[in-house]
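Take a look at the structure below.
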Amino acid sequence: MPWIKFLHIVALVSWCGTVLYLPALLVQSARAATGTPSFASSSPPMPRFVYNSLATPAALLAIASGTLLFLVQGLTGGWLVLKLLAVTGMVMAHAACGWLVLRLEQGQPRGVAVGAMTAGVLAATGMLAVVTLVLAKPAL
């Protein structure tokens, strides 16, 4: 069982890192699409690669290993419901980033920067809530 927990933590850290990086990448790509000078306007756009090849597999692995941990350990309690609610917020931020990637690819950069910042705040809030709930679990 320790390997499942290790896999879950590695996948979760990878997913969180990419979901925090994607909004910055989306803002930069939106600026490049509108002609606004950005810090890397000559670099190729990478949002789809990061979303499809890094963030989504890490998210699926984190959710699958977390579900396996829940089933193997038989975890229950109010903290778990709150944690799953926070994870739902992270999933919503992940999905919003995917939608924003599509908007950029369709040539509609308007509103992408604001949406990306909102998704980043939602993701960070969910991550903070998950960490808080996991660390407080024995007290609940």
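Out of segment 42-86, which residues are touching a His at 6+ places or on another chain (Cβ under 7 Å) and of a type outside the set (A, V, I, L, M, F, W, C)? Working first, answer last.
Taking segment 42-86 as the starting set, the residues that turn out to be touching a His at 6+ places or on another chain (Cβ under 7 Å) are 55, 59, 62, 65-66, 69.
Scanning segment 42-86 gives S65, G66.
Any idea which residue in segment 116-136 is farthest from L75 (Cα to Cα), counting only those that are touching a residue at least 60 places away in the same chain (Cβ under 8 Å) and surrounded by fewer than 20 Cβ atoms within 10 Å (Cβ to Cβ)?
Residue satisfying both the conditions and the ranking: M117.
Can you find a residue that is surrounded by 20 or more Cβ atoms within 10 Å (Cβ to Cβ), at pLDDT below 95, more than 13 Å from C97 (Cβ to Cβ) and in contact with a Ser or Thr (Cβ under 9 Å, 6 or more places away or on another chain) anywhere in segment 42-52?
no
Could you tell me whether any residue of segment 104-112 is crowded, with 20+ Cβ neighbours inside 10 Å, of a type in the set (V, I, T) and over 16 Å from the mean Cα position of the chain (by Cα)?
Yes: segment 104-112 contains one or more residues that are crowded, with 20+ Cβ neighbours inside 10 Å, of a type in the set (V, I, T) and over 16 Å from the mean Cα position of the chain (by Cα).
Evaluate segment 62-73: report whether one residue or more is out of contact with any Leu (no Cβ under 8 Å at 6 or more places or on another chain) and either of a type in the set (D, E, K, R) or crowded, with 17+ Cβ neighbours inside 10 Å (or both).
Of all residues in segment 62-73, those out of contact with any Leu (no Cβ under 8 Å at 6 or more places or on another chain) come to 63-64, 67-68, 71-73.
Narrowing the set further to residues that are either of a type in the set (D, E, K, R) or crowded, with 17+ Cβ neighbours inside 10 Å (or both) leaves 63.
Yes: one or more hits.
The values are calculated or read from the model by the stated rules, or taken from the named source; none is laboratory data. The structure presented is a predicted model; accordingly, all values stated were derived computationally and were not measured. Cβ sites come from the backbone with ideal geometry, for glycine too, and all protein chains shown count toward neighbours.
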